[in-house]
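Student: Here it is, the structure, as structure tokens.
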Amino acid sequence: MIWSGEEVELLRKLYLENKELKEISEIIKGRSAKAISHKVSRLGLFRNRLPSNRTIKPKYRVRYDNSYYRLNKDRIDQNKRIRIKRKKEMLVKLFGGKCVNCGYNKCIYSLDFHHKNDKEETISRLMRDSSKQKVLKEAKKCMLLCANCHRELHSKRISYSS
């Protein structure tokens, strides 16, 4: 459809007043927001400031996120447990899959990561809240021990080299 000169002038005026495309399409009958956007680009019109698409109440998003979490808490928690399990399986596999002291390998939940020296962060917290890269970087400072050997090491302060 061809635009009339009056429609083009009205479009220029409304667009430069920072009216939203939907508002302009309601004023200029028979023109969709997409058609208006196309014509504006053809005319080479630019706005100094685009109208904000934010909601009137800034805390709306926080309320929405909270309500979403309440409604989907079980599914969100289950997915998080699955992600943590996969990260631990990956790390245990990278570290040989068994205790460096006694060779225990029956259950990955009985295997712990013991920091050899400088400890920036706990592995369990990193597996919960961080990316695989951050976990791997911190895990390189560790050795894999079963829960028994790990407790003995901390209680007796026996040093294992690996």
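The values are calculated or read from the model by the stated rules, or taken from the named source; none is laboratory data. None of the values given here were measured: they were computed from a predicted structure. Don't worry about glycine lacking a Cβ; one is built from the backbone with ideal geometry, like all the others, and counts go over all protein chains shown.
Student: Only one of 129, 112 is assigned by TED's automatic domain parsing to the domain that holds residue 149 and exposed (fewer than 13 other Cβ atoms within 10 Å of the Cβ); which? It would help to see each step written out before you state the result.
Tutor: Working: 112 fails: exposed (fewer than 13 other Cβ atoms within 10 Å of the Cβ).
One residue alone meets the criteria, 129.
Student: Turning to a different aspect of this structure: Condition check: more than 22 Å from the chain's Cα centre (by Cα), in a helix (DSSP H, G or I) and either surrounded by fewer than 12 Cβ atoms within 10 Å (Cβ to Cβ) or not aliphatic (A, V, I, L, M) (or both). Does residue 39 satisfy that?
Tutor: Working: more than 22 Å from the chain's Cα centre (by Cα): yes; in a helix (DSSP H, G or I): yes; either surrounded by fewer than 12 Cβ atoms within 10 Å (Cβ to Cβ) or not aliphatic (A, V, I, L, M) (or both): yes.
Spelling it out, residue 39 is indeed more than 22 Å from the chain's Cα centre (by Cα), in a helix (DSSP H, G or I) and either surrounded by fewer than 12 Cβ atoms within 10 Å (Cβ to Cβ) or not aliphatic (A, V, I, L, M) (or both).
Student: What residue, of 82, 76, is surrounded by fewer than 18 Cβ atoms within 10 Å (Cβ to Cβ) and at pLDDT 90 or above? Can you show your working first?
Tutor: Values: 76 fails: at pLDDT 90 or above.
After ruling out the rest, the residue left standing is 82.
Student: Search segment 1-27 for residues being over 42 Å from the mean Cα position of the chain (by Cα) and not in a helix (DSSP H, G or I), and hand back the single one that is modelled with the lowest pLDDT.
Tutor: The extreme case among them is 1.
Student: Okay, moving on. Tell me yes or no: at least one residue of segment 132-153 is among the polar types (S, T, N, Q), at pLDDT below 85 and exposed (fewer than 10 other Cβ atoms within 10 Å of the Cβ). Let's see the steps before the verdict.
Tutor: Filtering segment 132-153 for residues among the polar types (S, T, N, Q) gives 133, 148.
From what is left, the residues that are at pLDDT below 85 are none.
No, segment 132-153 has no match at all.
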